[in-house]
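These notes are about the structure you will find just below.
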Amino acid sequence: MKQILSRISAYIYATVMFIFGIQHFMYADFVATLVPGWIPFHLFWVYLTAVALIAAAISIYVNLYAQWGCFLLGCMIWVFILTIHIPLLIDSHFDAGKITNALKDTGLASCAFILAAIYDRQG
């Protein structure tokens, strides 16, 4: 039962990451506005993030390098928290919507690390 539940949960998480990746391609111009101004080549980072999200999802689907895919995905999301969410929280005087987005990404990163640990145990 635990293996089935963890597998289904992993597939659901991978599907969410896959959709986020597709959305990065579909709405690249908007997503580029979220990249901090001090980082150059905004669209490049948006497309790279899209590819990384889709690659992580595929690694989970096919169970190929899934541990590394999940670990690196969690690290990438933490980079977003540190470079996007925290500065936005400080600038907006802790707006409720921005707090929610920061917490959502914290949860997504944590799930990625949990999945990495599960794949590590499965070998």
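For the chain, the relative contact order comes to 25 percent (Cα pairs under 8 Å, sequence separation of at least 6).
Taken along the Cα-to-beta-carbon direction at a fixed 7 Å, the label points for Val79 and Val51 span 1.3 nm. Select from His93, Trp68, Phe44 the residue farthest towards the positive end of the dipole of the stretch 2-122; place +1 on Cβ of Lys and Arg, -1 on Cβ of Asp and Glu, and compute about the Cα centre. Projecting each Cα onto the dipole axis, the largest value belongs to Trp68.
Only Lys, Arg, Asp and Glu carry charge here, each on its Cβ (+1 for the first two, -1 for the last two); on that basis the chain has a dipole of about 420 debye about its Cα centre. Compare the Cα positions of Val31, Val79, Met1 along the charge dipole of the chain (+1 at Cβ of Lys, Arg; -1 at Cβ of Asp, Glu; about the Cα centre) and return the one farthest towards the positive end. Towards the positive end, the residue furthest out is Met1. Highest mean first, the peptides 73-79, 55-61, 21-27, 31-37 sorted by other C-beta atoms within 10 Å per residue fall in the order 55-61, 73-79, 21-27, 31-37.
We did not get these values from a lab; they are worked out from the coordinates using the rules stated. These figures come from a predicted structure and were not determined experimentally. We place every Cβ from the backbone using ideal geometry, glycine too, and count neighbours over all the protein chains shown.
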